[in-house]
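These notes concern the structure reproduced below.
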Amino acid sequence: MKPSINGAAKVFIPWAVPVLLLLCWQIFASMGVIPPRILPAPLDVLKAAVELTQTGELLDHLSISLGRALTGFLIGGTIGFLLGLFNGISKVSELFFDTSIQMLRNIPHLALIPLVILWFGIDETSKIFIVALGVLFPVYINTYHGIKSVDKNLIEMGQAYGLKGGALFWTIIFPGALSSILVGIRFSLGVMWMTLIVAETISAHSGIGYMAMNAREFMQMDVIVLSIVLYALFGKLSDVIARMVEGKWLQWNS
Amino acid sequence: MLSHIPDSHIVLDAVQKTYNNRPVLNGINLTIKFGEFVAVVGKSGCGKSTLLRLVAGLEKYDGGSICVGGMALNRLNKHARIMFQDGRLLPWKRVIDNVGLGLHGNWKMEALQALRNVGLEERGQDWPAKLSGGQKQRVALARALVHKPDILLLDEPLGALDALTRIEMQDLIETIWKEKKFTSILVTHDVEEAVAIADRVILIEDGKIVLNKLINLPRPRQRSNSAFANHVEEILDRIMLRGKEKELLVVNRQPETLPLVRKAKKVVPESSYKEESVRNGIKDHQKPQ
Ligand SMILES: Nc1ncnc2c1ncn2[C@@H]1O[C@H](COP(=O)(O)OP(=O)(O)OP(=O)(O)O)[C@@H](O)[C@H]1O
Ligand SMILES: [Mg+2]
């Protein structure tokens, strides 16, 4: 028999490696093995975080980045979902739009940044636009495929039991496509952060990416590392939230 | 119109169905009385499921006519409920909500009662994935029965179950049928199953009904009974007629290979062969003689 791992251990074990790495990093940094110009010690990064929090700067940048990310995600996600929905359900809509969307999908959305800057300047619109564009395709593809691959037999069964229109959609088609849709959403959350980092690094007057670029000019290593850590934390956080939603909505699947 | 035949419930007249220019059903004539239990047998792909789907109104027929209760059928048959071989429960709905599918108003009590009828009232809150194959089929049966259908269509509902569970389910279906008095069409591969529950067994071959046999045995039917065995034998013989003709063709074409096959098969004693093929029904019945 395998030894069973109890609940508390399951929560803590995944953190063992990161914590150990942090400890080593701190020890080597304070011993002077890692020079602060290459990589500041974790405690220095923490200190920078505290200082920036006290001045209120950090919170400003954070909320601006978060706002951009969510706005772009909502816009792109909604459009992608609706397009996937229509093309999945309606043959006519599929004929009209699917090929075009598949073609656009193959353009890396980050390649559009120069164009977008020329269109919108470097204000909010350009960043939200790029994020929305990046999020749109994964949500579209997974929604479309999810709906296309709903078991035809289940749909026939629903019809035989008198379901049609909205009832058929909400009882059978949407739940059948949901796990695929959620995969798309989780993937697009990753795309969302990545896109935002790039956009903010290239052209912005605020946000975490700007904070990092600005720190570079003044050689503030600790602030640069802090912004990287923040992105990592946010990435992890959105993944955790997505998993929680999946766990709740796909209970029947466990 | 054929609809005025007094106690006929379902009347199929020269029904045709073609898929991609290939006729699947080619002139089916069948009259089923109110409350009658008809079993449909035939080789895989002969159009049994197609026939059921036509009667359910899930698909349009290409020729002839279907009347249900004196009315021509030209869309979903609201009086019929169908039960599929693969159950088709919605995995994302709990058992009780699966049973309540398509019901309106205060349906919980009815759904619970239907579950009670199939002996699963305690599993209402489970996910279908947690049930055994036989239990899933019982839920599917409850889901069909909760609508109090006039016609119950069964498309090999027990095909995937083991022999013991199958006999249990056959008894359950027969009991419920006797109590509710609906009309029923059962598609099955298992001739013994057909003879055990049906008033009449029909055989489909080449898109036509080639055998239409009343089963006049008293209920409950004893499978060990010799009259029962005779009925099964007779239907199997009719099905095998084809098999024998084909086998003759094979003999004529390649006489040198056949004796080998025969020798190999002879190792199995004749009696166990017979039992096996009767139990498995038609699909496995093309044995060398
Ligand atoms: N939607 C469809 N499109 C094209 N051909 C079909 C369709 N449905 C059934 N067929 C064809 O019609 C024939 C009869 O199919 P059907 O499902 O009625 O057979 P069956 O008698 O139920 O077989 P089985 O015992 O294996 O379930 C088959 O040859 C099948 O390929
Ligand atoms: Mg079939």
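The values are calculated or read from the model by the stated rules, or taken from the named source; none is laboratory data. As the structure is a computational prediction, the values presented were derived from the model and not from experiment. For neighbour counting, all protein chains shown are included, and Cβ atoms are generated from backbone atoms with ideal geometry for every residue, glycine included.
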Subject >> Hey, residue B:138 under 19 Å from residue B:184 (Cβ atoms), of a type in the set (Lys, Arg), away from every other protein chain (no Cβ under 12 Å) and within 21 Å of the chain's Cα centre (by Cα) or not >> reply: yes
Subject >> From B:111, B:72, residue being within 14 Å of another protein chain (Cβ to nearest Cβ), more than 16 Å from ligand 1 (Cβ to nearest atom) and more than 22 Å from the chain's Cα centre (by Cα) >> reply: B:111
Subject >> Residues satisfying the stated conditions in the range B:80-93, i.e. among the charged types (D, E, K, R) and either within 16 Å of ligand 1 (Cβ to nearest atom) or closer than 19 Å to residue A:173 by Cβ (or both) >> reply: B:86, B:88, B:93
Original post:
Wholly within the range B:81-163, which helices (runs of 4 or more DSSP H) include no fewer than the required count, namely at least 3 residues that are touching a strand residue (DSSP E or B) at 6+ places or on another chain (Cβ under 6 Å) and surrounded by fewer than 19 Cβ atoms within 10 Å (Cβ to Cβ)?
Top reply: none
Subject >> Pairs where the first residue, in the range A:120-135, is surrounded by fewer than 17 Cβ atoms within 10 Å (Cβ to Cβ) and the second is modelled with pLDDT of 90 or more and of a type in the set (A, V, I, L, M, F, W, C), C-beta under 8 Å, 6+ apart >> reply: A:120/A:129
**OP:** For the range A:20-35, state whether one or more residues are closer than 30 Å to residue A:126 by Cα and surrounded by 15 or more Cβ atoms within 10 Å (Cβ to Cβ).
**Re:** no
Original post:
Looking at the range A:159-234, what helices (runs of 4 or more DSSP H) fall wholly within it and have at least 2 residues that are touching a residue at least 12 places away in the same chain (Cβ under 8 Å), within 19 Å of residue A:60 (Cα to Cα) and more than 13 Å from chain B (Cβ to nearest Cβ)?
Top reply: A:174-202, A:208-217
Original post:
Is the range A:137-150 home to any residue that is within 14 Å of another protein chain (Cβ to nearest Cβ), assigned to a helix (DSSP H, G or I) and modelled with pLDDT of 95 or more?
Top reply: yes
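How about the range B:29-60: which of its residues are within 14 Å of chain A (Cβ to nearest Cβ), within 16 Å of ligand 2 (Cβ to nearest atom) and in a loop (DSSP other than H, G, I, E, B)?
B:58, B:59 - these are the residues of the range B:29-60 that are within 14 Å of chain A (Cβ to nearest Cβ), within 16 Å of ligand 2 (Cβ to nearest atom) and in a loop (DSSP other than H, G, I, E, B).
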Subject >> Per-region count, the range B:42-62, residues in contact (Cβ under 8 Å) with a residue 60 or more places away in the chain and more than 10 Å from ligand 1 (Cβ to nearest atom) >> reply: 2
**OP:** Identify the residue in the range B:164-189 that is touching a strand residue (DSSP E or B) at 6+ places or on another chain (Cβ under 8 Å) and part of a loop (DSSP other than H, G, I, E, B) and, among all such residues, is nearest to ligand 1 (Cβ to nearest atom).
**Re:** B:189
Original post:
List, please: which pairs have Cβ atoms under 6 Å, are six or more places apart or on different chains, and start with a residue in the range B:63-90 that is closer than 15 Å to residue B:34 by Cα and end with one that is surrounded by fewer than 20 Cβ atoms within 10 Å (Cβ to Cβ) and polar (S, T, N, Q)?
Top reply: B:67/B:3; B:70/B:3
Original post:
Is it the case that the range B:2-15 has a residue that's within 13 Å of ligand 1 (Cβ to nearest atom), within 30 Å of residue B:113 (Cβ to Cβ) and out of contact with any Phe, Trp or Tyr (no Cβ under 6 Å at 6 or more places or on another chain)?
Top reply: no
